[in-house]
Amino acid sequence: MISSRRDGADRHALVFGATGFIGRHLVLALGRAGVRVSTANRSPESYRRLVRWLDEHGHGEPPADLRADFTGASLIADGCEDVTEVHNCAGAYRFGMPADEARRANVDGVRAIVAFAARLPRLRRLVHVSGYRVGGQDPSPWSEERRRATYRALGAYEASKAEADAVFQAEAARLGVPWSIVNPPSVIGDAATGESDQYLGLASTLRDLWTGSLAAVPGNARTFVPVVAADYLARFMTLLPEDEAAEGTAYWPLDDATPALPDLLALVAEHYRVKAPRARIPVALVRRLPQRLTKADPETLSFLSEDRYPTASASAFAARHGLAMPDAATTIRRWADHLAAHRFGKAEPLRGAGGRRFTAPAGVRTFEIGGPDAPTLVLPGLPVNADTWAPVVAALGRARAVDLPGLGMSAGHRDDWPSWLSALVRETGARHLVGHSIGAAAAVEAAAAHPEAVERLTLVSPFFLQARPARLTRRASLTRRYLRRVSSETLAMRLTGTAAHAAALESSAADLRRGTVAATAARLLAATASPQWRDELAAGLRRHAGPVHVIVGADDPLTPEGRTLLDALPQVTVTVIAGAGHHPHITHPEEVARAVQRT
Ligand SMILES: NC(=O)c1ccc[n+]([C@@H]2O[C@H](COP(=O)([O-])OP(=O)(O)OC[C@H]3O[C@@H](n4cnc5c(N)ncnc54)[C@H](OP(=O)(O)O)[C@@H]3O)[C@@H](O)[C@H]2O)c1
């Protein structure tokens, strides 16, 4: 039974840590529940970031910005008289902190917030975010000896959260503050979008899986690293102040259906189309290995446990309020996609180029940047990826770029081209194909197979109308070895003649080190020398009735035969970009974007 339900309209929530991962989702959920929200922020910059994020996520009115001074006596000067609930999502969530720093942020912070809450005349609930392995502490004061032993055993982050849990309960009881606690496990992305910008803990294990550097699964078949979706946790927290029965209660809102760690990694590996490591390594052994081998912060190892948690009250609470836990496997896959699509935090912001995502045309796992279903579709050349086209995609608007099968971050093979291209042009609304180098071949093949669907072709540096590659490039095994190791600086020198473009090629170099990407790129590069393929592509172009725009760099010209072929085709226009070579989109993105816009 719900003891009493309060209408969102008579609630005024104050959120500490609103700029953080959990806090942002909470503000969103409170807003959706019709609750008035104020946020307590440490700086105007982090508040501005929060408002931008909320705006992107459809949160209407920006929450009030109250300046929080954790070092001052009063925490917040004024504006809180009618606050009915306080949510504490503030804290230093990092591994490897000195104990002092962790205590100041997580223990002193909690003390200050409870004292502040005790002075609020209309307060009905203070909700604190603790942690699934530290929740439920005995609130008695810690002796110095116990503190030292706990910080030594658990590391600064987890120990400070354990101490904070005890201090929170003790102080709230002493000052008569009505409270609830949530003890979340690893908070993963939003259940619908997978969105998360946290890359520590389990997310870093997924990164190692993605890059192929996870040699063994830590733990055993029962190792349980539970997760919860960020939006589920936020909705759960939103409901707590509404429910009088939740006062004085701690909840473990975690998904008991989270697969055991080896199964979770197998699920993600299958989704990523990578091999999951077969070997397992006992946690006790991981602890003894040097960190340079395990690459795991020693503080994260205590999370590798077989323990289970008291979830019954959280499940009952959620059921009472009609809150359904999203499907674990689906949420994990979406989160895993979001992490990989954002290169585990390393992706450059797209600045107007739209989002980053994985799609599955014809069942081929495909990486895409730009506007979903945009009519202009860029098919990149070799050995670069869709990311190198981001500036052009941004300048074009209503455009996107995809990695070809088996290249960049896409799965699949050369054999997938026909069905993959067919799905792209017939099912996703790609009507204007912009093919670069090998991508120009894909564009011509798509247009030849689906003339009714492809309205326009733009061919940038179409290799089959240009000089054949150097003899060495035709030796696929040599090229593969070279590409697998090449640095972004060397790649930049090689492709553009200057290391100035190394940053733009960092992600391409990283992609080439993954799985079979370098091998696929090497095979395709060798194939560009094939006279038969070159003739077929030229013939396909001759047959294409729609407008074709060929763009080449002045330093990477068409062959005389290529020029003669184009001159004979009335539907073809040619643009030459002065000072550019085979990769004009990297060296001259604005000129390329302007040229692509011209038919
Ligand atoms: N994410 C998880 O998986 C997870 C799981 C269990 C428990 N938790 C706990 O949940 C809380 C929030 O986590 P989160 O994932 O949202 O972390 P987060 O994204 O790092 O956000 C932390 C928030 O706390 C603020 N903050 C950081 N250091 C602070 C300090 N020294 N004093 C006061 N405020 C500070 C930050 O504000 P600025 O913008 O000003 O830096 C930010 O708003 C933490 O206590 C964490 O231990 C998190």
Residue-span extension gain [Asp55 to Asp10] - 0.36 nm each, minus C-alpha spacing: 13.8 nm
Net dipole in debye of the stretch 46-90 [+1 Lys, Arg Cβ; -1 Asp, Glu Cβ; about Cα centre; nearest 20]: 300
Long-range tail of P(r) for the stretch 489-553 (Cα pairs > 18 Å, %): 61
The stretch 41-200 shape via C-alpha gyration tensor axes, a/c threshold 1.5: oblate
Ala153 versus Arg174: modelled label distance in nm, points set 7 Å from Cα along the beta carbon direction: 2.4
Accessible area of the stretch 56-164 belonging to carbon and sulfur atoms, whole % at 1.4 Å probe: 49
Length released on extending from Leu289 to Ser305, taking residue separation times 0.36 nm less the Cα-Cα span: 4.0 nm
Cα lying deepest toward the dipole's positive end in the chain, options Gly363, Ala192, Ala568, charges on Cβ: Ala568
When the convex hull of its Cα atoms is projected in every direction, mean area for the stretch 356-597 (nm²): 11.1
Inverse mean reciprocal Cα-Cα distance (Kirkwood Rh) of the stretch 10-118, Å: 14.2
Helix-only mean residue ellipticity at 222 nm for the chain, each DSSP H run of n ≥ 4 adding -39500 (n - 2.57), per residue, nearest 500: -12000 deg cm²/dmol
Cβ-derived FRET efficiency at R0 25 Å, Arg48 paired with Ala73, nearest 0.05: 0.40
The stretch 1-93: trypsin sites (Lys or Arg not before Pro) falling in loop per DSSP and having at most 16 other Cβ within 10 Å: Arg5, Arg6, Arg42
Surface share of carbon and sulfur [accessible, 1.4 angstrom probe, percent] for the stretch 356-597: 52
Neighbour count of at most 10 Cβ within 10 Å plus DSSP loop: longest GluC sites (Glu not before Pro)-free window in the chain: 82-451
In nm, spacing of pseudo-spin labels at Ala64 and Tyr199 (7 Å Cα→C-beta vector): 3.7
Size of electric dipole in the stretch 286-329: Cβ of Lys, Arg +1 and of Asp, Glu -1, about Cα centre, debye, nearest 20: 180
Loop-located trypsin sites (Lys or Arg not before Pro) in the stretch 347-378, at most 13 other Cβ atoms within 10 Å (DSSP): Arg351
Label zone at Ala316 (point 7 Å along Cα-to-Cβ), backbone N below 20 Å, the stretch 181-221: 181-184
Cα shape, the stretch 350-478, gyration tensor, a/c 1.5 rule: rounded
Charge dipole of the stretch 356-597 about the Cα centre (unit charges at C-beta), most positive-ward option of His501, Ala423, Ile577: His501
D_trans [Stokes-Einstein, Kirkwood Rh over alpha-carbon pairs] for the chain, 10 °C, 1.306 mPa s, µm² s⁻¹: 60
Counted charge near Arg513, where neighbours are those whose Cβ lies closer than 9 Å (Asp, Glu -1; Lys, Arg +1): +2
Inter-part distance where the stretch 378-437 and the stretch 119-194 are each reduced to a Cα centre, Å: 48
The chain, accessible area per residue, ligands and nucleic acids excluded (1.4 Å, Å²): 42
Calculated FRET efficiency for the pair Ala500/Ser477, C-beta based, R₀ 25 Å, to 0.05: 0.20
In the stretch 102-155, the trypsin sites (Lys or Arg not before Pro) that fall in loop regions by DSSP, at most 15 other Cβ within 10 Å: Arg119, Arg122
Contour minus Cα-Cα distance for Ala216 and Val576 (0.36 nm per residue): 124.4 nm
Spin-label zone in the stretch 505-526 - amide nitrogen under 19 Å from a point set 7 Å from the Cα of Thr559 along the C-beta vector: 524-526
Cβ-placed point charges (K, R +1; D, E -1), dipole of the chain about Cα centre in debye, nearest 20: 1740
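The values are calculated or read from the model by the stated rules, or taken from the named source; none is laboratory data. Computed from a prediction, not measured in an experiment: that's the story for all the values here. Quick reminder, even Gly has a Cβ in these numbers, built from the backbone with ideal geometry, and neighbours come from all protein chains shown. Ligands, DNA and RNA are excluded from the accessible area calculation, which covers all protein heavy atoms including side chains. Shrake-Rupley method; radii C 1.70, N 1.55, O 1.52, S 1.80 Å.
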